[in-house]
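Let me begin by presenting the structure, written as structure tokens, before commenting on it.
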Amino acid sequence: MAKQRATPVTIMLEVNKMARNPETTWQMLDEAMSHFQAHIALKKDRCSLTIVDLLHVSNFKGGNASITEPVQSLPRKLKPYESALWEIDKAFSIKELIKLDDGKTSELKLRCKQFLELTRNPNSEIRGFGPSYASALLAAHFPNLIPILDRRALNGAGIKVDKDSQGQVRNITSHYGDLIDAFRRELLRNPGITLRQLDKRWFSKPLT
């Protein structure tokens with residue numbers, strides 16, 4: 001019997017079926033992150049940013065948000081993010097969260113929070129680019145140093161949050177320091193795993 005040919009509809013149904021499994025979803029998103037990191041590796045200036053970087057973030061994060069900042073204002077608004085990336089790159093010669101001492105961890109938490117706050121500053125607020133997206137941008141540039149801030153990571157880490165009627169975390173930026181601390185503690189307890197492996201473990205936990 002001839003094998004039935006897949007149609008766009010059946011392919012989409014299969015993708016949706018796969019996406020119901022958090023572990024499978026993480027693996028799919030990890031491919032999107034790999035594309036983003038390959039793009040970063042090819043740049044002359046790894047901390048320089050264009051619409052391409054934001055589109056990679058959007059591809060990785062998914063959801064309904066689109067980058068709709070006007071062409072005229074986007075380059076100017078990207079400059080503070082570029083400067084912040086460079087400052088993080090210079091400040092942390094050791095780019096592994098597990099190897100930071102308490103002082104450098106505190107500095108990292110402050111810099112990460114300030115980076116996410118750029119998304120709410122009128123001079124650097126980019127339409128379609130929120131705090132969780134900004135954390136993904138950080139994580140792509142510093143994959144062993146900075147985790148991604150999202151509700152699944154917070155849930156997996158056991159961090160208590162307040163959610164809106166859509167299940168989204170209210171004031172998510174305020175939880176970034178706690179999440180970084182949680183990742184560091186768990187990595188220190190389990191030095192054989194990487195930050196991304198721990199992200200997968202926590203992402204895959206059922207939401208509560």
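Since every read-out is calculated from the coordinates, none of them should be taken as a lab result. Here the structure is a predicted model, which is why all the values come from computation and not from measurement. Cβ atoms come from the backbone with ideal geometry, glycine included; neighbour counts cover every protein chain shown.
Which of Ser106, Ser165, Ser34 ends up with the largest GNM mean-square fluctuation for the chain, with Cα atoms connected below 10 Å?
Most flexible of the set in this elastic network: Ser165.
Sequence neighbours fewer than 8 away in the same chain don't count; with that in mind, list the lysines whose C-alpha is under 22 Å from Lys205.
Partners found: Lys17, Lys61, Lys160, Lys163.
Using amide H atoms built in the peptide plane, which far-off residues or other-chain residues are under 5 Å from Val161 H to H?
none
Compute the distance from the alpha-carbon center of the range 147-208 to that of the range 104-126, in whole Å.
18 Å
Projected onto the charge dipole of the chain (+1 at Lys/Arg Cβ, -1 at Asp/Glu Cβ, origin at the Cα centre), which of Leu187, Ser174, Pro122 gives the Cα projection farthest towards the positive end?
Leu187
How compact and how long is the range 70-145, expressed as Rg and Dmax of its alpha-carbon atoms in Å?
13.0, 42
Taking the Cα centre of the range 80-149 as the origin, how large is its charge dipole in debye, to the nearest 20, when only Lys and Arg (+1) and Asp and Glu (-1) carry charge on their Cβ atoms?
In total the dipole reaches around 100 debye.
Please report Cys47, Cys112 as a ranked list, fewest other C-beta atoms within 10 angstrom at the top and most at the bottom.
Cys47, Cys112
Please give every one of the lysines within straight-line cross-link reach of Lys90, meaning a C-alpha to C-alpha distance under 24 Å, and leave out same-chain neighbours fewer than 8 residues apart.
Those lysines meeting the cut-off are Lys43, Lys44, Lys77, Lys79, Lys99, Lys104, Lys109, Lys113.
By count of other Cβ within 10 Å, fewest leading, how are Glu31, Glu117 ordered?
Going from least to most buried by this count: Glu31, Glu117.
Specify the residue with the greatest mean-square fluctuation among Gln37, Gln166, Gln114, computed from a Gaussian network of the chain linking alpha-carbon atoms under 10 Å apart.
Among Gln37, Gln166, Gln114, the largest GNM mean-square fluctuation belongs to Gln166.
Using a simple charge model, +1 on the beta-carbon of Lys and Arg, -1 on the beta-carbon of Asp and Glu, nothing else, what dipole does the range 8-203 show about its Cα centre, in debye to the nearest 20?
Here the range 8-203 has a charge dipole of around 80 debye.
Beyond 27 Å, what share of the Cα-Cα pairs of the chain remains, rounded to the nearest whole percent?
32 percent
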